[in-house]
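K.L.:
Please see the structure below; I have some questions.
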Amino acid sequence: MNKRLKIGIFMDSYYPAIDGVVLVIDNLCKELSKFNDVVLVVPYTNTIDEDKNKPYKIIRVKSIDVPFTEYRLGIPSLKKSKIYNELLKEKFDVIHIHSPFTIGKLGVDLAKDLNVPSVCTMHTRFDFEIRKVVKSESINKFVIKRIISVFNKCYAGIAINSKMIKVFEDYGYKKKPRIIYNGTDLKPLKENSKYIDIINEKYNIEANDKVLLFVGRITSVKNIFFILDSLKLLKEDGYQFKMFFVGSGSDEKKLALKILEYNLQDSVIMTGQIKNREELSAMYKRADLFLFPSLFDASSLVQIEAAVNETPGLFIEDSVTADTVTNEVSGFTSVLDEVKYKDRIKEILDDKKHLKEVSINAHKLLGKSWDEISKTTYEYYLELIENFKKEFGEPKK
C-alpha cells in the first residue's frame, strides 16, 4: 500500500455484544490495521480486558444500557470535554461511521472539525428493527428521518449490495453510495477435518440424510417461523430431512415450543451458538442447503460463510440479502410462500447434480475474504481523501 492512513471507525455497538455488524467491524479493523493505523471508537463497558489484545486501538466513550438488549448506547460528551479533545488529537485522515446514532454522529462532528471526509455504511434495514418495538408508522418515519439526517451529513456512503442503494434512496439519502460487499474470516473446512464425524455422531446424522441449516440470531425478524411453517409442510409430505437452527436470540423459547407444537422434534434441532469456527465450518459443509428467507438482512455474513464451504442458500426473491445471488447459478430463490418454499426445497435437494454445480459456484463467486474487502475499502478511502481536499482544502492541524 502506498500510503499509511489514520482511520477512525465509529460504531454504536461492539463486544461483548455480538452480532453480524460487530463481526464486520472487527474483521475490517483487523485487516485495515495490517497497513494502516486504525482507531475504533465504541461504547464503554466494564468488560474491556480483551481490547488490549486487538491489533487496532480502541477508545471507549461513556454509555448506558439499552433496556431488554445486550447493547449499550454511547453518550459522547460535549465538544469541550476530555474525550472529544483526545479524539481530535488522533488527527484522522478519514472517519468511517457504521451506525447513525450517538457515536456515529460523534464521528461526523469530528470529521467536520478536522476537515476530513466522513463516510457511512448502512448495515441494517432500520425500518424492520423499529417496527419490532413501535407499531406507529409515523414514529417509524420520524426515526428513519433522524437516522438518514446523520448519514446525509457524511461526505460519502457505502452500500453493501445494489439493493441497499434502493434502501438508502427510500430513506431519503441524497448521494449515490459506492458498493463494497462484506467478506468473511471463516476458512473452508479442511478435507481431513475431524469435525464432520463429530457433528454426524453428536446429532445422529446418517451419511445419506438430507441436511438443512439456518445460522444466525434466533429472532422473528429473520423469518425463522416461516422456515418452520415450511418444514411442517415438508414433513407432512413424508419428506425426510434434518434441520439445524444454529444461534441464540430472543425467540429461542418460542421456537422450541413451536417445534414441539408441530411435532418436528425428531427432525429439527436447535444447537445454540457454535463458537468453534472449525466446527461451524463443518456444520455448513455437512448441510446440503442453507435456508435464509430473511427480509430484514441487508447482506448477512452467514450466507458468505455458507458459500465458503460450498453450501448454497435458498433466499426470498427480490429480498435485499439475495441481491448478491444469481438464482440457479450461485444460489436459489423462492417467493415468500410456505408451500412454494417447501416445494423449492424438495426440488433443489432432489436434483443432486445441479445442487453440486450451484454449490461450487457459490464458493467461487460469493466467498470473498476480508483481506480482499479491506483493500477495496482502503482504495476508496484514498479516492475520498483526494476528492475532499480538492473541494475543501487540507485537514486542520
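The values are calculated or read from the model by the stated rules, or taken from the named source; none is laboratory data. Not measured: the values here are computed from a predicted model. Using ideal geometry, Cβ is built from the backbone for each residue, glycine included, and neighbour counts are taken over all protein chains shown.
K.L.:
Among the helices (runs of 4 or more DSSP H) confined wholly to the stretch 321-397, which include 1 or more residues that are of a type in the set (S, T, N, Q) and closer than 22 Å to Glu305 by Cα?
P.N.:
In the stretch 321-397, 352-366, 370-392 are the helices (runs of 4 or more DSSP H) which contain 1 or more residues that are of a type in the set (S, T, N, Q) and closer than 22 Å to Glu305 by Cα.
K.L.:
For the subset of the stretch 321-374 comprising residues that are among the polar types (S, T, N, Q) and surrounded by fewer than 18 Cβ atoms within 10 Å (Cβ to Cβ), which member is modelled with the lowest pLDDT?
P.N.:
Across the stretch 321-374, the extreme among qualifying residues is Ser369.
K.L.:
Then there is this: If you go through the stretch 309-331 one residue at a time, do you hit one that is farther than 18 Å from Val215 by Cβ, over 21 Å from the mean Cα position of the chain (by Cα) and in contact (Cβ under 8 Å) with a residue 24 or more places away in the chain?
P.N.:
Yes, some residue in the stretch 309-331 is farther than 18 Å from Val215 by Cβ, over 21 Å from the mean Cα position of the chain (by Cα) and in contact (Cβ under 8 Å) with a residue 24 or more places away in the chain.
K.L.:
Taking the stated definitions as given, is Leu186 crowded, with 17+ Cβ neighbours inside 10 Å and either part of a strand (DSSP E or B) or of a type in the set (A, V, I, L, M) (or both)?
P.N.:
So Leu186 passes the test.
K.L.:
Looking at this structure, is Glu305 acidic (Asp, Glu), outside the structural domain of Asn27 (by TED's automatic domain parsing) and within 22 Å of Asp26 (Cβ to Cβ)?
P.N.:
Judged against the criteria, Glu305 is a match.
K.L.:
Which one of these is among the β-branched types (Val, Ile, Thr), closer than 19 Å to Leu280 by Cβ and under 27 Å from the mean Cα position of the chain (by Cα): Ile179, Ile199?
P.N.:
Checking each option against the conditions leaves just Ile199.
K.L.:
If you scan the stretch 272-289, which residues turn out to be in a strand (DSSP E or B) and either without any contact (Cβ under 8 Å) to a residue 60 or more places away in the chain or at positive phi (or both)?
P.N.:
If the condition is that a residue be in a strand (DSSP E or B) and either without any contact (Cβ under 8 Å) to a residue 60 or more places away in the chain or at positive phi (or both), then Gly272 is the only one that fits.
K.L.:
Only one of (1) in a strand (DSSP E or B); (2) under 21 Å from the mean Cα position of the chain (by Cα) is not met by Met243, so which one is it?
P.N.:
Among (1) in a strand (DSSP E or B); (2) under 21 Å from the mean Cα position of the chain (by Cα), Met243 violates only (2).
K.L.:
Shifting gears a bit: Determine which member of the set Glu236, Glu129 is within 20 Å of Met11 (Cα to Cα) and of a type in the set (Asp, Glu).
P.N.:
Only one candidate passes the filter, namely Glu129.
K.L.:
For the subset of the stretch 98-145 comprising residues that are of a type in the set (Ser, Thr, Tyr) and under 19 Å from Val24 (Cα atoms), which member is surrounded by the fewest Cβ atoms within 10 Å (Cβ to Cβ)?
P.N.:
Thr124
K.L.:
Identify all residues within the stretch 250-271 that are assigned to a loop (DSSP other than H, G, I, E, B) and over 25 Å from Leu189 (Cβ atoms); write none if there are none.
P.N.:
The answer is Ser250, Asp251, Tyr262, Asn263, Leu264, Gln265, Asp266.
K.L.:
If only one of Ile95, Ile83 is assigned to a strand (DSSP E or B) and either buried (at least 17 other Cβ atoms within 10 Å of the Cβ) or on the phi > 0 side of the Ramachandran plot (or both), which one is it?
P.N.:
Criteria check complete, one pass: Ile95.
K.L.:
Then there's this: Determine the pairs where a residue that is over 26 Å from Lys285 (Cβ atoms), located within the stretch 241-256, has a partner that is of a type in the set (Phe, Trp, Tyr) with Cβ atoms under 9 Å apart, the partner being 6 or more residues away or on another chain.
P.N.:
Pairs that qualify, where the first residue is over 26 Å from Lys285 (Cβ atoms) and the partner is of a type in the set (Phe, Trp, Tyr), are Ser250/Phe68; Asp251/Phe225; Lys254/Phe225.
K.L.:
Quick check on my filter: what residues within the stretch 100-152 are under 18 Å from Lys174 (Cα atoms), in a helix (DSSP H, G or I), among the β-branched types (Val, Ile, Thr) and in contact (Cβ under 8 Å) with a residue 40 or more places away in the chain?
P.N.:
Within the stretch 100-152, Val108, Ile147, Ile148, Val150 qualify.
K.L.:
Turning to a different aspect of this structure: Which residue is surrounded by the most Cβ atoms within 10 Å (Cβ to Cβ), if the candidates are limited to the stretch 252-287 and must be out of contact with any Leu (no Cβ under 7 Å at 6 or more places or on another chain) and among the basic types (Lys, Arg)?
P.N.:
Looking at the filtered set, the residue picked out is Arg286.
K.L.:
Being under 21 Å from Thr184 (Cβ atoms), modelled with pLDDT under 80 and either hydroxyl-bearing (Ser, Thr, Tyr) or assigned by TED's automatic domain parsing to the domain that holds Phe101 (or both) is true for just one of Ile18, Ile48, Ile25. Which residue is that?
P.N.:
Ile18 is the lone residue from the list that is under 21 Å from Thr184 (Cβ atoms), modelled with pLDDT under 80 and either hydroxyl-bearing (Ser, Thr, Tyr) or assigned by TED's automatic domain parsing to the domain that holds Phe101 (or both).
K.L.:
If Asp318 passes every condition in (1) among the charged types (D, E, K, R); (2) modelled with pLDDT of 95 or more; (3) part of a loop (DSSP other than H, G, I, E, B) but one, which one does it miss?
P.N.:
The number of the failed condition is (2).
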